[in-house]
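Notes to accompany the following structure.
The values are calculated or read from the model by the stated rules, or taken from the named source; none is laboratory data. Everything numeric here is computed off the predicted structure, so don't read it as measured data. Calculation scope for accessible area: heavy atoms of the full protein, side chains included, ligands and nucleic acids excluded. Shrake-Rupley method; radii C 1.70, N 1.55, O 1.52, S 1.80 Å.
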Amino acid sequence: MSHRLFVAIKPPPDVIDMLIDTMEGIDNVRWQGEDQLHLTLRFIGEVDTPQANDIADALGSVRAGKFDLAIRGAGHFEKKGRPHTLWAGVAPSRALIQLQQSVESACRSAGIAPETRVFAPHITLARLSGRAGDIAPFLAQHGALRSEPFTVERFFLVESTLSAKGAHYDPVVAYGLS
(Lines give C-alpha, C1' and ligand atoms only; values in the text may rest on other atoms or scores of the structure.)
Protein backbone atom coordinates (compact mmCIF):
# COMPACT_ATOMS: atom_id res chain seq x y z
CA MET A 1 0.00 0.00 0.00
CA SER A 2 1.19 3.50 -0.83
CA HIS A 3 0.98 6.55 1.43
CA ARG A 4 1.37 10.21 0.37
CA LEU A 5 2.92 11.91 3.39
CA PHE A 6 4.13 15.26 4.66
CA VAL A 7 5.21 16.73 8.00
CA ALA A 8 3.42 19.86 9.21
CA ILE A 9 2.50 22.31 11.94
CA LYS A 10 -1.20 23.05 12.42
CA PRO A 11 -2.07 26.60 13.49
CA PRO A 12 -4.47 27.06 16.43
CA PRO A 13 -8.21 27.64 15.81
CA ASP A 14 -8.08 31.44 16.22
CA VAL A 15 -5.35 31.72 13.56
CA ILE A 16 -7.26 29.35 11.26
CA ASP A 17 -10.37 31.55 11.71
CA MET A 18 -8.34 34.66 10.86
CA LEU A 19 -6.98 33.01 7.71
CA ILE A 20 -10.42 31.81 6.62
CA ASP A 21 -11.71 35.37 7.03
CA THR A 22 -9.26 36.47 4.30
CA MET A 23 -10.48 33.90 1.77
CA GLU A 24 -12.64 35.88 -0.60
CA GLY A 25 -12.56 38.32 -3.44
CA ILE A 26 -10.92 36.27 -6.21
CA ASP A 27 -12.87 34.33 -8.81
CA ASN A 28 -11.95 30.81 -9.94
CA VAL A 29 -9.58 29.86 -7.12
CA ARG A 30 -9.70 26.79 -4.90
CA TRP A 31 -9.55 28.10 -1.33
CA GLN A 32 -8.14 25.70 1.23
CA GLY A 33 -10.57 24.23 3.73
CA GLU A 34 -10.22 24.71 7.46
CA ASP A 35 -8.70 21.23 7.89
CA GLN A 36 -6.20 21.88 5.08
CA LEU A 37 -4.47 24.91 6.62
CA HIS A 38 -0.98 23.96 7.78
CA LEU A 39 2.68 24.91 7.54
CA THR A 40 4.61 22.17 5.75
CA LEU A 41 7.93 21.29 7.35
CA ARG A 42 8.73 18.56 4.81
CA PHE A 43 6.82 17.11 1.86
CA ILE A 44 7.69 13.42 1.65
CA GLY A 45 5.50 12.11 -1.18
CA GLU A 46 4.54 8.53 -1.98
CA VAL A 47 6.06 5.79 0.18
CA ASP A 48 5.13 2.20 0.97
CA THR A 49 3.92 1.12 4.42
CA PRO A 50 7.29 -0.14 5.75
CA GLN A 51 8.99 3.14 4.80
CA ALA A 52 6.06 5.14 6.25
CA ASN A 53 6.62 3.28 9.53
CA ASP A 54 10.37 4.03 9.36
CA ILE A 55 9.60 7.73 8.83
CA ALA A 56 7.14 7.77 11.73
CA ASP A 57 9.77 6.16 13.98
CA ALA A 58 12.54 8.53 12.83
CA LEU A 59 10.36 11.59 13.46
CA GLY A 60 9.88 10.32 17.01
CA SER A 61 13.58 11.01 17.61
CA VAL A 62 13.23 14.74 16.81
CA ARG A 63 13.95 16.79 19.93
CA ALA A 64 12.92 20.44 19.98
CA GLY A 65 11.35 22.86 22.40
CA LYS A 66 8.04 24.65 22.09
CA PHE A 67 8.31 28.01 20.33
CA ASP A 68 6.19 30.93 19.19
CA LEU A 69 5.22 31.70 15.59
CA ALA A 70 3.14 34.51 14.11
CA ILE A 71 1.53 35.12 10.74
CA ARG A 72 3.26 37.94 8.87
CA GLY A 73 2.11 38.98 5.44
CA ALA A 74 0.62 37.32 2.39
CA GLY A 75 2.00 36.63 -1.04
CA HIS A 76 2.04 34.22 -3.95
CA PHE A 77 4.21 31.68 -5.72
CA GLU A 78 4.54 31.63 -9.50
CA LYS A 79 5.28 28.98 -12.07
CA LYS A 80 6.40 30.13 -15.50
CA GLY A 81 5.38 33.70 -14.65
CA ARG A 82 1.82 32.78 -13.60
CA PRO A 83 0.59 32.91 -10.00
CA HIS A 84 -0.40 29.40 -8.83
CA THR A 85 -0.55 29.64 -5.01
CA LEU A 86 -1.65 32.32 -2.53
CA TRP A 87 -0.12 32.04 0.92
CA ALA A 88 0.16 33.56 4.37
CA GLY A 89 3.73 33.97 5.57
CA VAL A 90 5.21 33.55 9.02
CA ALA A 91 7.54 35.83 10.95
CA PRO A 92 11.19 34.74 10.84
CA SER A 93 11.87 32.10 13.49
CA ARG A 94 15.19 30.44 14.26
CA ALA A 95 13.34 27.74 16.24
CA LEU A 96 11.16 26.95 13.20
CA ILE A 97 14.24 26.61 10.98
CA GLN A 98 15.89 24.33 13.55
CA LEU A 99 12.75 22.15 13.77
CA GLN A 100 12.56 21.94 9.98
CA GLN A 101 16.23 20.92 9.80
CA SER A 102 15.67 18.22 12.45
CA VAL A 103 12.65 16.91 10.53
CA GLU A 104 14.72 16.88 7.33
CA SER A 105 17.48 14.89 9.08
CA ALA A 106 14.95 12.40 10.44
CA CYS A 107 13.45 11.90 6.97
CA ARG A 108 16.90 11.33 5.47
CA SER A 109 17.71 8.80 8.20
CA ALA A 110 14.55 6.92 7.14
CA GLY A 111 15.80 6.74 3.55
CA ILE A 112 14.03 9.76 2.03
CA ALA A 113 16.09 11.63 -0.58
CA PRO A 114 17.27 15.09 0.54
CA GLU A 115 14.93 18.02 -0.13
CA THR A 116 16.38 20.21 -2.86
CA ARG A 117 13.98 23.15 -2.55
CA VAL A 118 14.72 26.01 -0.17
CA PHE A 119 12.44 25.97 2.89
CA ALA A 120 9.97 28.85 2.46
CA PRO A 121 7.67 28.76 5.52
CA HIS A 122 4.07 29.56 4.57
CA ILE A 123 0.47 28.42 4.92
CA THR A 124 -1.24 27.86 1.57
CA LEU A 125 -4.52 29.77 1.33
CA ALA A 126 -5.57 29.02 -2.27
CA ARG A 127 -4.61 27.20 -5.45
CA LEU A 128 -4.99 29.29 -8.60
CA SER A 129 -5.99 28.01 -12.00
CA GLY A 130 -5.24 29.73 -15.30
CA ARG A 131 -8.74 31.23 -15.07
CA ALA A 132 -8.18 32.80 -11.65
CA GLY A 133 -9.17 36.41 -11.18
CA ASP A 134 -6.75 39.25 -10.44
CA ILE A 135 -4.88 38.61 -7.18
CA ALA A 136 -3.52 42.17 -6.84
CA PRO A 137 -6.49 43.49 -4.79
CA PHE A 138 -6.21 40.50 -2.41
CA LEU A 139 -2.48 41.07 -1.95
CA ALA A 140 -3.00 44.79 -1.43
CA GLN A 141 -5.65 44.11 1.22
CA HIS A 142 -3.82 41.28 3.02
CA GLY A 143 -0.14 42.00 2.37
CA ALA A 144 0.23 43.24 5.96
CA LEU A 145 -1.66 40.25 7.44
CA ARG A 146 -0.60 39.66 11.06
CA SER A 147 -1.54 37.39 13.92
CA GLU A 148 -0.66 37.43 17.56
CA PRO A 149 2.14 34.98 18.35
CA PHE A 150 0.97 31.44 19.00
CA THR A 151 2.88 28.60 20.65
CA VAL A 152 3.81 25.59 18.55
CA GLU A 153 3.58 22.60 20.88
CA ARG A 154 3.56 19.74 18.36
CA PHE A 155 4.03 18.77 14.75
CA PHE A 156 2.35 16.04 12.73
CA LEU A 157 3.02 13.33 10.18
CA VAL A 158 0.08 13.75 7.81
CA GLU A 159 -1.33 11.49 5.09
CA SER A 160 -2.75 13.24 2.04
CA THR A 161 -5.44 11.61 -0.09
CA LEU A 162 -6.10 13.26 -3.45
CA SER A 163 -9.57 13.39 -5.00
CA ALA A 164 -11.49 15.42 -7.56
CA LYS A 165 -12.56 17.75 -4.71
CA GLY A 166 -8.94 18.38 -3.70
CA ALA A 167 -6.74 16.88 -1.01
CA HIS A 168 -7.94 15.44 2.28
CA TYR A 169 -5.43 15.45 5.14
CA ASP A 170 -5.36 12.95 8.00
CA PRO A 171 -2.88 13.48 10.84
CA VAL A 172 -1.29 10.05 11.41
CA VAL A 173 1.08 10.77 14.31
CA ALA A 174 1.47 13.82 16.57
CA TYR A 175 4.90 14.62 17.99
CA GLY A 176 5.07 16.82 21.09
CA LEU A 177 7.68 19.52 21.58
CA SER A 178 9.17 19.89 25.08
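Computing mean projected area of the Cα convex hull in nm² for the structure here picks out one of (i) 8.6; (ii) 13.5; (iii) 10.3, namely (iii). Here the extension length gained between residue 24 and residue 53 equals 6.5 nm, from 0.36 nm per residue of separation less the Cα-Cα distance. Computed from Cα positions, the angle between helix 13-22 and the longest principal axis of the chain comes to roughly 30 degrees. Spatial offset of segment 76-131 relative to segment 145-174 amounts to 13 Å, using the alpha carbon center of each.
Carbon-plus-sulfur accessible fraction, the chain (probe radius 1.4 Å, protein heavy atoms only): 50%.
Take the chain with all the other protein chains still there, run a 1.4 Å probe, and you get 54 Å² of accessible area per residue.
How far, in nm, would the chain grow between residue 127 and residue 80 when pulled straight, counting 0.36 nm per residue and subtracting the alpha carbon separation?
Answer, rounded to one decimal: 15.4 nm.
Rounded to the nearest 10 degrees, the inclination of helix 94-109 to the longest alpha-carbon principal axis of the chain is 50 degrees.
Rounded to the nearest 500, the 222 nm mean residue ellipticity of the chain from helices alone is -7500 deg cm²/dmol, with -39,500 (n - 2.57) taken per DSSP H run of at least 4 residues.
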